[in-house]
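*Asks:* Next up is a structure, given as C-alpha cells.
The values are calculated or read from the model by the stated rules, or taken from the named source; none is laboratory data. All values derive from a computational prediction rather than experimental measurement. Quick reminder, even Gly has a Cβ in these numbers, built from the backbone with ideal geometry, and neighbours come from all protein chains shown. Accessible surface areas use protein heavy atoms only, side chains included; no ligands, DNA or RNA. Shrake-Rupley method; radii C 1.70, N 1.55, O 1.52, S 1.80 Å.
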Amino acid sequence: MSEESDSPRTSPSAASLSENELPPPPPEPPGYVCSLTEELVTKAREELQEKPEWRLRDVQALRDMVRKECPNLSTSLDDAFLLRFLRARKFDYDRALQLLVNYHSCRRSWPEVFNNLKPSAVKDVLASGFLTVLPHTDPRGCHILCIRPVFPPRV
C-alpha cells in the first residue's frame with residue numbers, strides 16, 4: 001500500500017489555503033422559487049410590472065418596510081407570502097404594505113371567520129346563493145365569481 005492511501009483525505013486546496021484564502025461558503029438557496037409558467041411570467045411582466053430579475057429585490061424592500069414601519073406586526077416575512085401582496089398591488093410597495101396591514105387587521109377583527117376558514121364553515125353562505133361561480137369561464141378561461149347581496153324584505 002502506498003503512503004497516500006493510508007493518510008486521511010483532505011481537500012488539497014482547502015488544506016493549503018490560509019484562513020483569508022478559504023473559498024466562500026456556498027450561497028444559500030433562494031427563499032422563493034418561481035413556479036410560474038412562461039406564459040404567466042409574461043403576463044405578470046405586462047400586467048403587474050413584475051420582473052423576475054427584480055422580484056427578490058422587491059420582496060426584500062417590502063420586508064424592510066414592514067420591519068421599519070410596522071415593527072409590532074406579527075406577520076410572516078417569507079418571500080412567497082410577501083410576494084402575494086406585491087402582486088395584488090402591482091408591485092407598489094406602499095399599497096402592498098397597506099394591504100398587508102389591512103389583512104392582519106381583518107384577521108384580528110373577525111377571528112371567528114379566519115380561525116375556521118373551511119368550506120364547511122361557509123356552507124350556509126354558499127347555499128344561500130349570495131356567492132356563486134358562473135358555469136362558464138371568460139374568454140381567457142378565468143372563472144367568474146358572482147356576488148348577489150341578499151337584502152331583507154321590506155315591511
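*Asks:* Ignoring ligands, DNA and RNA, how do 83, 126, 77, 117 rank by accessible area with a 1.4 Å probe, largest first?
*Replies:* Of 83, 126, 77, 117, the descending order of accessible area is 117, 126, 77, 83.
*Asks:* Another question, then. Which percent of the accessible heavy-atom area of the stretch 78-123 goes to carbon and sulfur, probe 1.4 angstrom?
*Replies:* Reported share for carbon and sulfur atoms: 52 percent.
*Asks:* Could you tell me the extents of the stretch 94-155's C-alpha atoms along the three principal axes, largest first, rounded to whole Å?
*Replies:* 41, 34, 27
*Asks:* From the backbone phi of the stretch 83-88, what are the Karplus-calculated ³J(HN,Hα) couplings (6.51 cos²θ - 1.76 cosθ + 1.60, θ = phi - 60°) in whole Hz, Gly and Pro given as x?
*Replies:* Here the 3J(HN,Hα) series is 4, 4, 6, 5, 5, 5 Hz.
*Asks:* Further, regarding this structure: Quick one: which residues, 5+ away or cross-chain, put their amide H under 5 Å from the amide H of residue 131? H built at 1.01 Å from N.
*Replies:* Result for residue 131 returns 148.
*Asks:* For the stretch 63-96, list residues with backbone N below 12 Å from a point placed 7 Å from the Cα of residue 48 toward its Cβ?
*Replies:* Taking a point 7 Å out along Cα→Cβ of residue 48, the residues of the stretch 63-96 whose backbone N falls under 12 Å are 80-92.
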